[in-house]
Each structure stands twice: as structure tokens, then as C-alpha cells.
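The values are calculated or read from the model by the stated rules, or taken from the named source; none is laboratory data. Bear in mind that the values here come from a model prediction, so they are computed numbers and not experimental data. When we count neighbours, we look across all protein chains shown, and the Cβ atoms used for this are built from the backbone with ideal geometry, even at glycine.
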Amino acid sequence: MTTGATVTLQPPTPRPSVAGVILIGIWAVVLLGLILALASSVSGDRLDRYGWLIVRGFFTTIRLVAASLIVGAAISVPVAAGRLSRNRVAGVLAYAYSYFFRGTPLIAQTFLIYYGAGQFALELRGIGLWWFFRDAYNCAILAFALNTAAYQSEILSGAIRAVPAGQREAAHALGLHAFPILWRIVLPQALIIALRPYGNEVVLMIKASAIASIITVLDLMGQTRYVFSQTYDISFYLWAAVFYLVLVEALRRASNALERRITRHLARAK
Amino acid sequence: MDSLALLSFGPNGWGNQLAGGVAVTVALSLATLPVGLVAGFFVALGKQSADPLIKLSAEIYTTIFRGLPELLTLFLVYYGAQFGFSALSKLILGYAVEINPFLAGMVALGLVSSSYASETFLSAFRGIPFGQYEGAYAVGLSRYLTLRLVIVPQLLRLALPGLSNMWLNLMKDTALVSVITLNDLLRITTVAVGATKQPFFFYTVACLIYLLFSMLSSIGIWRIDAWASRGVKPR
């Protein structure tokens, strides 16, 4: 493998090496096997019986992720404000929040909320919140939202910090108030910086959402696990893999295109 | 106070079991780390290969394992290996061989972490000026020696932030292995919850233990960073 590194000063060799042919050959065999396995599970009545379950799970995943991201974005704003605040108490609280949710596994947080709420069923009934925590889907959204809020607050506060101080000072010198400075000067520039990490966060959230299946949410992963338990056919997991990969790749490309589009005024003239 | 008794190491507490779970979590993380690093390094070499086929192979690898949910990769490896191996071992040995969940976790997390590590290594490679290679060749170093003596030491420093992220993620991802019945910290916690009906308490404890690992890792990473940048940042 080391033979292929571009540490050479010669122009690239036009003839593919043996190692390259072997590697791509392995992938070709794997992908061929994959296609055969995928085809094997769509035969006859299986498609009717299980196909729509998986498609439904796919849409549940999208709804779950969208809800978590939106709620998480809302929570991330005060946390980011705390991270940027000069107030020591707010700063420490915001940092502790983001450190806890970034430093522990999402699956443990999800268990903590879902099973932990069960322990306080009586109290939650008392304050009229039990209907929310009774549903695994809601608990998953809450856990994911709290988790992504921690990451999003880091992205947001980092991006705001990355805007040069001169921008703020110039706006201040022109007599703008704090809110217009934030809204018209700082945030537009910060969001350009934050775009790529936000895109990454969406992808990470989609992948992490598979954890919801463990607390009985029938998302894409959950439906796939159900179908697997019925059929013992591993090719359904491969179908789920295809769905996830297509979703993630499409989003990654869309976010790249969006970034190119909104940073076109920054692109250097050729 | 009776909550603390639940954590004691005696016959009535869950201390011993939890410590065993911690040991499994740590062992899995530490065993997977070198797999992810070495595989990630070679995938990064492949990604900047002049050979288009090697490059394409490496890119397929990272696209797949960075795009799949870690949980799904784990299931694919675990159940895939179970089906594959049991079919194979039935054919050869006459009985089905059980797949070790530890090994399955190691392979799955190795695939995931190596594809992340390869991205980190790749951008670190790009951060090393071409003159470093040229200078090394000019003084007569072989390709291997150039890599070992000139490139890798700089690579480590440049890749360290990304690699430390990968390590923290790896450690958190080991919690997923509890789903395929490996007795790691999270699964032991779940067992304790089943016996004591104290989910909130035990999952909080588990989270705090993971948090402790993250903190200890940060301290370790900070020291490694000081060591790796010893030549660059005069203090």
C-alpha cells in the first residue's frame, strides 16, 4: 500500500498497479455480493410484507432527526449565549451542559431519559407530563435534542468567536446597537463559518438516530430489526444500510453545494 | 444514603460488577484504538495515492463506514459474521462457531474509527509542505525513512486534534456494544437497573463514569500534545 503514496516526484503512472487492481477487485466482489443479497430479499411477497415497513421507518427516521435538530437548535441558542457570556456563572453552566452531553454516550443519555423517567412515573403524572415521557419516540427526541444542542452550541459559539473583532468594533463605531450588530454583521458571517460543521452535525444526528431503535422506536433501524427478527434474513440490514448511505450522501452533497453557493462572493477570482 | 450502598463493593452492592463493566469498556476502547489508527493511516495513504484504483478503493471504504450508523455497522459485522462463520464452520467443523461480541465490536468500531482517522491523517498529510519530502530525498533518505523520520513526527502533531476526537468518539461508541450482549459498563448498568429498579440513579452513575473517562482522556491528550509539539512551540 505504501508504494502508492504520492511522495514521488514523478508524474502519476498511467498504468494501474497490481495492488490497485486487487483492491478494486475486492470491492467489486463485495458490491456484487451486496447487490445479489439485496435482490434476494425483494422477491415475491417479502416486498409487500416488509418493504413498506422499512420505507415507513425511513420516514420516521427523517421526522425524528428533523424534530431533534430543530428543538436542539432552539436549546443551543441560550447555551451558546452562556458560552460567550462574560458572566462567570452563565459560562460555567453552559460549559458544564455542553461538556456533559458531549462527554457521555448518546445511548446512555437516551436510557437515562427513557428508563429514568419511568422511575418517576407517579411524579410525572402528578405534574401532567407523563403522556410525554410514556412515549419512547418523545424520549428519543428529547435525548437527541439535548445532545445535539450541546454540539450545536459549540458550533455556534465557535463561529461567532471566529468573526474578527474588527467587524464588531467597526459596527460599534458607526453607532449600531448591539442587536443590529449581532443580526446584520456578526451572525451572517458566523453562519458561513458554521455551515460545514452544521452539515456534519446533521449527518451525525442521522447516524446517531439509529439508537432510538433500542428504546423500541420503529425508525428505519427499528423496523429493520423487527423485520430481521421475523425473517432472520440479514439482507434487510443491507437495505437499511443503503437507505442510510443514500440519505447521508445526498445531505453531504447538498450541504457542499449550499456552501459553494453562499460563499461564492468569497471565492477568489481566477 | 441507601443509593450509595448500591454502589458498594460488597455482596449487596453493584461495585464489583460495575468495575468489571468498566474494565470491558476500557479494554475494548484500548484494543480498538491501534486497529483504527493503523488501518486509518493506510487508508489515508491510499487516498492520496497516484493510482486511481487504490484511491477509489480507499474512498469507497470511508464513504461507507462514515455514512453508516455505528449501530448498523455493528449489527452487520456481528450478524454477518455469525451467519458467515456458522455456515463455514458447519461445513468444515460440523458445528457452528459462536462469534465473540468483543471481537465483533472491535472489528465494527475499528472500521468506523479507521475511516475517521483516515480523514484526519489525510488533512495532516496535506498540512506538511512538499519541501519536507524534497529535503529528505535530497539528503538521501529512502522513501521509508523519509516517512518514518521526517513525515510521521510532523503528521502526529498535525493529526492529534482529530485523532483525540476519534478516541473520544470511539470510547463513547463502545457503549453500543452492550446491544450485542457484551458485558460492558452500559450493559452491566442495565442489568443493575433490572435488579434494583433504580434506572435514574444507575444510568446517571454510568454517564458520570463515561464523563470521567472523557476528562482523563483530555488530560492524557493534553500531555501527548505537549510532547508532540515540543519542537514547535517554544515556551
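Look at A:ARG125 and say whether it is in a helix (DSSP H, G or I), among the basic types (Lys, Arg) and surrounded by fewer than 21 Cβ atoms within 10 Å (Cβ to Cβ).
Spelling it out, A:ARG125 is indeed in a helix (DSSP H, G or I), among the basic types (Lys, Arg) and surrounded by fewer than 21 Cβ atoms within 10 Å (Cβ to Cβ).
Is it true that B:PRO52 is within 30 Å of A:GLN223 (Cβ to Cβ) and at the interface with another protein chain (Cβ under 10 Å from one of its Cβ atoms)? Spell out how you get there, then give the answer.
Numbers: within 30 Å of A:GLN223 (Cβ to Cβ): no; at the interface with another protein chain (Cβ under 10 Å from one of its Cβ atoms): yes.
So B:PRO52 does not fit the description; no.
Please give the number of the condition B:GLY131 fails out of (1) surrounded by 13 or more Cβ atoms within 10 Å (Cβ to Cβ); (2) among the small types (Gly, Ala, Ser); (3) away from chain A (no Cβ under 11 Å).
(1)
Of all residues in the stretch A:235-260, which are out of contact with any Gly (no Cβ under 6 Å at 6 or more places or on another chain) and under 14 Å from A:MET221 (Cβ atoms)?
Selection gives A:PHE236, A:TYR237, A:LEU238, A:TRP239, A:ALA240, A:ALA241, A:VAL242, A:PHE243, A:TYR244, A:LEU247.
Do you know which residues across the stretch A:211-234 are assigned to a helix (DSSP H, G or I), within 10 Å of chain B (Cβ to nearest Cβ) and free of Cβ contacts under 8 Å to residues at least 40 places away in the same chain?
A:SER213, A:ARG225, A:PHE228
Would it be correct to say that A:LEU238 is without any contact (Cβ under 8 Å) to a residue 60 or more places away in the chain, under 20 Å from A:ILE211 (Cα atoms) and surrounded by 13 or more Cβ atoms within 10 Å (Cβ to Cβ)?
Here the answer is no, as A:LEU238 does not meet what is asked.
Would the stretch A:103-118 turn up any residue that is assigned to a helix (DSSP H, G or I), surrounded by fewer than 20 Cβ atoms within 10 Å (Cβ to Cβ) and more than 14 Å from chain B (Cβ to nearest Cβ)?
Checked against the condition, which is being assigned to a helix (DSSP H, G or I), surrounded by fewer than 20 Cβ atoms within 10 Å (Cβ to Cβ) and more than 14 Å from chain B (Cβ to nearest Cβ), the stretch A:103-118 yields no hits at all.
Listed residues B:ARG157, B:ARG148; which is over 19 Å from A:ARG102 (Cα atoms), more than 10 Å from chain A (Cβ to nearest Cβ) and surrounded by fewer than 17 Cβ atoms within 10 Å (Cβ to Cβ)?
None of the others qualify; the one that does is B:ARG148.
Take B:GLU59 and tell me if it is in a helix (DSSP H, G or I), over 15 Å from the mean Cα position of the chain (by Cα), of a type in the set (Asp, Glu) and over 21 Å from A:MET221 (Cα atoms). Lay out the reasoning, then the answer.
Details: in a helix (DSSP H, G or I): yes; over 15 Å from the mean Cα position of the chain (by Cα): yes; of a type in the set (Asp, Glu): yes; over 21 Å from A:MET221 (Cα atoms): yes.
Criteria met by B:GLU59.
Residues that are within 23 Å of the chain's Cα centre (by Cα): find the helices (runs of 4 or more DSSP H) completely inside the stretch B:125-235 holding 3 or more of those.
Output list reads B:152-173, B:185-196, B:199-228.
Tally time: how many residues in the stretch A:202-235 are more than 17 Å from the chain's Cα centre (by Cα), crowded, with 22+ Cβ neighbours inside 10 Å and closer than 29 Å to A:LEU32 by Cβ?
Total meeting the criteria: 4.
For the stretch A:235-264, what are the residues that are within 13 Å of another protein chain (Cβ to nearest Cβ) and of a type in the set (Ser, Thr, Tyr)?
To start, the set of residues in the stretch A:235-264 that are within 13 Å of another protein chain (Cβ to nearest Cβ) comprises A:235-253.
Scanning the stretch A:235-264 gives A:SER235, A:TYR237, A:TYR244.
Against the conditions (1) modelled with pLDDT of 95 or more; (2) within 14 Å of chain A (Cβ to nearest Cβ); (3) over 14 Å from A:TYR237 (Cα atoms), where does B:GLY110 fall short? Just the number, please.
If we test B:GLY110 against (1) modelled with pLDDT of 95 or more; (2) within 14 Å of chain A (Cβ to nearest Cβ); (3) over 14 Å from A:TYR237 (Cα atoms), just (2) comes out false.
Would the stretch A:243-258 turn up any residue that is under 21 Å from B:VAL177 (Cα atoms) and either free of Cβ contacts under 8 Å to residues at least 24 places away in the same chain or assigned to a loop (DSSP other than H, G, I, E, B) (or both)?
No, because not a single residue in the stretch A:243-258 is under 21 Å from B:VAL177 (Cα atoms) and either free of Cβ contacts under 8 Å to residues at least 24 places away in the same chain or assigned to a loop (DSSP other than H, G, I, E, B) (or both).
Could you say whether any residue in the stretch A:74-85 is within 12 Å of chain B (Cβ to nearest Cβ) and either touching a Pro at 6+ places or on another chain (Cβ under 9 Å) or of a type in the set (S, T, N, Q) (or both)?
no
How about the stretch A:9-64: which of its residues are polar (S, T, N, Q), under 34 Å from the mean Cα position of the chain (by Cα) and either modelled with pLDDT of 90 or more or surrounded by fewer than 12 Cβ atoms within 10 Å (Cβ to Cβ) (or both)?
A:SER43, A:THR60, A:THR61
Is it true that some residue in the stretch B:168-187 is over 30 Å from B:GLU98 (Cβ atoms) and touching a residue at least 12 places away in the same chain (Cβ under 8 Å)?
Scanning the stretch B:168-187 turns up at least one residue that is over 30 Å from B:GLU98 (Cβ atoms) and touching a residue at least 12 places away in the same chain (Cβ under 8 Å).
Hey, B:GLY105 hits all of (1) outside any helix (DSSP H, G or I); (2) surrounded by 21 or more Cβ atoms within 10 Å (Cβ to Cβ); (3) not basic (Lys, Arg) but one; which does it fall short on?
Unmet condition: (1).
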